[in-house]
Structure formats: structure tokens, C-alpha cells
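Scroll down for the structure; my scribbles are underneath it.
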Amino acid sequence: MRFHMKSGSEDNDIVAATATAEHIRKFVFSGSPAERLEIKIPELLQGAYSFYTWPCAPILAHFLWERRQTLAGKRILELGSGTALPGILAAKCRAQVVLTDNCILPKSLAHIRKSCLANQLQPGVDIDVVGLSWGLLLNSVFRLPPLDLIIAADCFYDPSVFEDIVVTVAFLLERNAGAKFIFTYQERSADWSIEALLKKWKLQALPISMEDIGKESGVDMLEFMGGHTIHLLEITRIESDGSINTT
């Protein structure tokens with residue numbers, strides 16, 4: 001499994017070149033004539049990754065939307081939430097959601113709370129926002145509630161954090177029998193791979209087809225991709241007997 005990216009700091013260049021003023025970006029999800037959900041995401045297009053909704057997020061959000069009937073009551077954790085589009089959508093579909101981002105980035109956590117409030121979700125009441133550092137088993141990790149599903153959009157953006165993410169996921173999956181980690185990633189480099197890390201931490205990755213994502217809402221996912229290649233994967237634990245958790 002390899003992650004690819006064009007050379008250079010293209011993402012940073014995009015952010016640096018945009019306007020600095022905050023604006024509201026709207027995402028619409030629809031189904032039957034009576035089903036329509038609009039999510040409003042505040043974006044601040046300057047400097048920091050976590051204040052902008054990158055292409056992987058709406059793709060994961062549409063994937064969840066098309067499974068919205070299964071989300072009610074599910075206990076979901078979003079890693080590296082950023083603007084938190086997928087997690088907020090899950091909460092609007094009546095899942096019990098915990099949004100997380102780096103505990104040493106208070107402005108990022110504050111922005112997540114702003115995204116929640118923009119969608120009539122009260123942090124601490126309708127949805128939870130928690131500081132969580134990848135790779136560090138701090139008290140906040142042990143205080144997390146039981147989980148059914150872990151999600152993330154574009155967390156694998158820097159090889160220096162790959163093992164920290166995998167370690168965190170492995171720990172959470174071990175503590176939550178039957179849970180899965182579903183994430184989108186954007187290809188960034190032919191030299192980037194997590195295969196060895198998955199093997200080391202006894203995890204198994206399976207691709208999820210993206211062929212029909214967005215069709216129910218009449219949305220072309222290629223528009224979100226913006227010319228990038230994006231994949232959707234499911235990670236589960238390999239049990240002690242060598243079997244793969246498929247529950």
C-alpha cells in the first residue's frame with residue numbers, strides 16, 4: 001500500500017496563496033425527496049492544515065451518508081478531525097461522536113467546536129471534542145468511551161506521523177473488540193507505505209470501492225478530488241489465531 005504525492009509542498013502553497021478571511025463552506029447531502037442535510041463548515045484559508053476541508057473529507061462524509069441508517073446510536077471517534085465534516089455528519093445522523101485533534105493545538109480544537117456550533121451541535125452535549133496526540137497514550141485516550149467505529153480523512157499526510165497513527169489505531173482497536181478504522185487518504189509519494197507498520201502492529205487493510213459514492217446525492221466525487229488520487233480503506237485487527245476481524 002503506497003501513498004503518492006507530487007513533489008514539493010503543494011498543499012502549503014495552496015493555503016498560503018488563498019485569502020486569509022474566514023468563510024463558510026456548505027456541503028449538501030441528499031437522498032429521497034424528504035432527505036436533505038446541509039452542513040456548514042467554517043474555513044480559515046491560511047497556513048494551518050486543520051482550518052481547511054481537504055478533498056478526502058467530503059468523500060468520507062458521503063460514504064457515511066450513504067450508510068446513515070446504520071449510524072444511529074453508533075459510537076464513533078474521528079482522528080485528526082480538522083474541520084470535522086465526516087464526524088459532524090455522523091452526529092447529525094444520530095451517532096454518538098467524539099471529535100479529536102492534537103491536544104497541543106488549542107486553536108484547532110477551538111475551530112472544531114466552532115464547526116460544531118455552526119451546525120447546531122453543542123460540544124459536551126450533542127458531540128464531544130477531545131485533545132488526542134497520536135502515538136501517546138495519555139489520560140485522554142483511556143477516558144474515551146467504548147467505540148464501534150474510528151474514522152479519519154487524510155491523516156496520512158506526513159511519513160513522520162505514520163507509525164504514531166497506526167499505534168493509536170492499533171491500541172483503540174484492541175480496546176474495542178469488533179471496531180473498525182475507516183479512512184480516506186490522498187496519494188502523495190511512491191515511496192510512502194504503511195504496509196510494514198500494519199504488519200508490525202497486527203493490522204489488516206482492505207480497500208473499499210468508491211465507485212458509487214456520491215451517486216445518491218447526485219455528486220461527482222471527481223469534483224472533490226481536484227485531480228488527486230484518493231482511496232478509501234478499512235483497517236481491522238488480525239486476531240491472535242491469525243484470523244481477520246470481520247464483525
May I ask you to list the residues in segment 213-242 that are under 30 Å from PHE171 (Cβ atoms) and among the polar types (S, T, N, Q)?
THR229, THR236, SER240
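Conditions (1) among the charged types (D, E, K, R); (2) closer than 15 Å to ARG25 by Cα, marked per residue:
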{"position": "PRO55", "(1), (2)": "no, yes"}
{"position": "LEU60", "(1), (2)": "no, no"}
{"position": "TRP65", "(1), (2)": "no, no"}
{"position": "GLY80", "(1), (2)": "no, no"}
{"position": "LYS92", "(1), (2)": "yes, no"}
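For (1) open to solvent by less than 70 Å² (accessible area, probe 1.4 Å); (2) in contact (Cβ under 8 Å) with a residue 24 or more places away in the chain, each residue gets a yes or a no:
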residue: ASP154; (1), (2): yes, yes
residue: ASP158; (1), (2): yes, no
residue: ASN176; (1), (2): yes, yes
residue: TYR185; (1), (2): yes, yes
residue: TRP201; (1), (2): no, yes
residue: PRO207; (1), (2): no, yes
residue: MET210; (1), (2): yes, yes
Let me confirm something: among LEU89, LEU117, which residue is open to solvent by less than 10 Å² (accessible area, probe 1.4 Å), more than 23 Å from PHE142 (Cα to Cα) and part of a helix (DSSP H, G or I)?
LEU89
I need the full set of residues from segment 125-141 which are charged (D, E, K, R) and in a loop (DSSP other than H, G, I, E, B), in order please.
ASP126
Segment 44-82 - residue that is among the hydroxyl-bearing types (Ser, Thr, Tyr) and at pLDDT below 95 and, of those, most open to solvent (accessible area, probe 1.4 Å)
TYR49
Would you call VAL219 more than 13 Å from LEU79 (Cα to Cα) and either exposed (fewer than 15 other Cβ atoms within 10 Å of the Cβ) or hydrophobic (A, V, I, L, M, F, W, C) (or both)?
yes
Pairs, please: C-beta under 8 Å, at least 6 apart or cross-chain, first residue in contact (Cβ under 8 Å) with a residue 24 or more places away in the chain and part of a loop (DSSP other than H, G, I, E, B) and in segment 54-74, second aromatic (Phe, Trp, Tyr) and open to solvent by 10 Å² or more (accessible area, probe 1.4 Å)?
PRO55/PHE224
Out of curiosity, is ALA196 without any contact (Cβ under 8 Å) to a residue 12 or more places away in the chain and assigned to a helix (DSSP H, G or I)?
yes
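The values are calculated or read from the model by the stated rules, or taken from the named source; none is laboratory data. Nothing here was measured: the structure is a model prediction, and the numbers come from that model. Quick reminder, even Gly has a Cβ in these numbers, built from the backbone with ideal geometry, and neighbours come from all protein chains shown. Each accessible area value is taken on the protein alone, full model and side chains, heavy atoms only, with ligands, DNA and RNA left out. Shrake-Rupley method; radii C 1.70, N 1.55, O 1.52, S 1.80 Å.
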